[in-house]
Structures are given as C-alpha cells and as structure tokens.
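Undergrad: There's a structure below that I have some questions on.
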C-alpha cells in the first residue's frame, strides 16, 4: 500500500507542475481537494449502502483528527504547490523526501531516541541538500525553501496519521481532511487568483489525477498502510516517490538535473536509506538507560546468589 502510494505521489509532482501552466497554486490545491472530497464522499455512500461499514468510530475523535490533518495538509500542500512555480518536479520530490530523515528526529519529542547513525544521516542529507539546491552565492531559490518547509509539515502529517489512523474510519478521515483543505485553500484562491472556469477546464487532466489518484487513492493507501507499519519504516516505504518524481519529470516534462544536482540527489537518497537501516540490530547501543540499571543489578545479584548456593 505504501509503495503504491509513493508511485502515485511521484507522478503527482509532474501533474502539479504541469497544472500550474493554466491555474495558480491555490486554485490547483482547492480544486483537487474538492474533487478528492467528492470522490471519497461517493465511496463512503457506496460502502454504507453495501453494508461494508468499518468499525464504529468516535465522531469527536474523527472530526478532531480530520480538522487537524486538514490544516496541516493545507499548509504542506500549498507550500509545495507554490514552491513548484520556481523549482522542478524532480528537485521538489527529493527535497520533500527529507521527511524520511525528519520523522526520527521529531521522534525525540515523543521520547523515541534515535540511533547515533541517524544524526550522521541528517548530516549527509544536509550536504546533499546543499548540492541539490544551494547555488554558487550560497542561496536557495524561493521555491526550494518553500518545498523544504512543506517537508516539515509532511513530517507532522505522517506522525499524526500514525496516531489517529488506528482509531478512526480511514475513508471518513481522509474525506474530512480534503474537505478542510478545499475550504481553507479556497480563501487565498479567491483573494489572490480569482480563477476562471476555462483555465480550470484546461487543467482538468492534472486536477483529476491529483484529486482522484493522489487524493482519494494514495492518501487512503497511506493511512491504511500506516495502521500496520511504524512511522520510520513507513517513511522509508514512501521514500521512492522522489525517484519516481525525477523519472516522471524527465520522461513527461523533459526536465533535467545537472551533475551537481544529481550528486545532491544521490546523497539525499543515501541519507534516506541510511536513516532507516537497522543499526541497533547490527551494532547495538553502548548506552544503558537508567531504567535498565536496577534490572541488571537484580539479575547480577540473583546469579551471585545461585553461585554461592552451588558452592555450599
């Protein structure tokens, strides 16, 4: 499920980039969100009619989760969409994929201590980001910075999905999420862009793909997959989207990356893989937690007592 979602999202970068040839970023996000919410609403009606309802869900928890996820996704999607105005789909895919490194870092706030190799992975990712996005005058393009900010928001989204997905109906949660996205994105759309229907109709193919395939399909697959997979592993399984986005940008849009940018992509991808390798299983950890000391002491005393009894 998660690998399928990463494939759909990788191609979605191309759809998002191509769609803005006709409409503005907020218009694209708002219209795709409306389409996704409608598609999910129809799916809910079909499942209810056929008696394929999921387990009972606490409506307060469902709406709270949907609204929170909708706000976070509105921020993440619009930052990414605006960033695509001035950066390529391939670069955007790799920069967004930094959430794979950021997820274990954010785990510190959830009292999950990452292995020291995680910090080395972070350093490698930062070096890769430098080669990928930093220009000769040590500046990043505005688009790269916005996509990087969206990666932070997507990190929060992954952790929120991990928290809420086991507790509520996935289809309804996704429907509420995209409904909130549609409402919130429509505000800047009407103020800043004032779109025309002919322009929206010209972008219909990209909007349909981003709304139905990416919205209804991929995000539902993500939520269902994360019910069975921990966040760090889930982020690894979602990480190929950066490869798919670069390949799709090259095949469909003819976008290319320089050797410097390809080297940066390689470092970012290496950091992504490194951050998810089972370092603890291979090398363990030399540090002993304070909680483990009393247990170890009790075991040592028991062994000593047994040895003394044997001698007697």
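The values are calculated or read from the model by the stated rules, or taken from the named source; none is laboratory data. Everything numeric here is computed off the predicted structure, so don't read it as measured data. Heads up, the Cβs are rebuilt from the backbone with ideal geometry, glycines too, and the neighbour counts pull from every protein chain shown.
Undergrad: Return yes or no: is residue 218 in contact (Cβ under 8 Å) with a residue 24 or more places away in the chain, within 30 Å of residue 125 (Cα to Cα), in a helix (DSSP H, G or I) and out of contact with any strand residue (DSSP E or B) (no Cβ under 8 Å at 6 or more places or on another chain)? Don't jump to the end; show me each part of the working.
TA: Values: in contact (Cβ under 8 Å) with a residue 24 or more places away in the chain: yes; within 30 Å of residue 125 (Cα to Cα): yes; in a helix (DSSP H, G or I): yes; out of contact with any strand residue (DSSP E or B) (no Cβ under 8 Å at 6 or more places or on another chain): yes.
Here the answer is yes, as residue 218 does meet what is asked.
Undergrad: What's the number of the condition residue 103 fails, among (1) in contact with a helix residue (DSSP H, G or I) (Cβ under 6 Å, 6 or more places away or on another chain); (2) at pLDDT 95 or above; (3) more than 24 Å from residue 27 (Cβ to Cβ)?
TA: Checking residue 103 against (1) in contact with a helix residue (DSSP H, G or I) (Cβ under 6 Å, 6 or more places away or on another chain); (2) at pLDDT 95 or above; (3) more than 24 Å from residue 27 (Cβ to Cβ), the one that fails is (2).
Undergrad: Next question, about the same structure. In the set 268, 251, 295, 303, which member is modelled with pLDDT of 60 or more, assigned to a helix (DSSP H, G or I) and more than 23 Å from the chain's Cα centre (by Cα)?
TA: Matching residue, one of 268, 251, 295, 303: 251.
Undergrad: Tell me the residue from 187, 170 that is surrounded by 19 or more Cβ atoms within 10 Å (Cβ to Cβ) and either modelled with pLDDT of 90 or more or under 21 Å from residue 33 (Cα atoms) (or both), please.
TA: 170
Undergrad: Would you list the helices (runs of 4 or more DSSP H) that sit entirely within the range 1-89 and hold 3 or more residues that are in contact (Cβ under 8 Å) with a residue 60 or more places away in the chain and within 15 Å of the chain's Cα centre (by Cα)?
TA: It comes to 2-19, 59-83.
Listed here are the residues, each with its yes/no results for (1) touching a helix residue (DSSP H, G or I) at 6+ places or on another chain (Cβ under 6 Å); (2) closer than 25 Å to residue 21 by Cα; (3) in a helix (DSSP H, G or I); (4) without any contact (Cβ under 8 Å) to a residue 12 or more places away in the chain.
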site	(1), (2), (3), (4)
144	yes, yes, yes, no
147	yes, yes, yes, no
152	no, no, yes, no
174	yes, no, yes, no
185	yes, yes, yes, no
192	no, yes, yes, no
198	no, yes, yes, yes
201	no, yes, yes, yes
210	yes, yes, yes, no
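Undergrad: So, one more: Considering each residue of the range 221-242, count those that are closer than 16 Å to residue 10 by Cα and not in a helix (DSSP H, G or I), and give that number.
TA: Of the residues in that region, 2 qualify.
Undergrad: Tell me which residues, restricted to the range 47-65, are surrounded by fewer than 22 Cβ atoms within 10 Å (Cβ to Cβ) and at pLDDT 80 or above. Can you show your working first?
TA: Filtering the range 47-65 for residues surrounded by fewer than 22 Cβ atoms within 10 Å (Cβ to Cβ) gives 47-64.
Within the range 47-65, 47, 48, 49, 50, 58, 59, 60, 61, 62, 63, 64 meet the criteria.
Undergrad: Do we have residue 137 as over 14 Å from residue 71 (Cβ atoms), modelled with pLDDT under 90 and either in a helix (DSSP H, G or I) or touching a strand residue (DSSP E or B) at 6+ places or on another chain (Cβ under 7 Å) (or both) here?
TA: Answer is no for this residue.
Undergrad: Would you check if residue 34 is surrounded by fewer than 21 Cβ atoms within 10 Å (Cβ to Cβ) and either touching a helix residue (DSSP H, G or I) at 6+ places or on another chain (Cβ under 9 Å) or under 17 Å from residue 184 (Cα atoms) (or both)?
TA: yes
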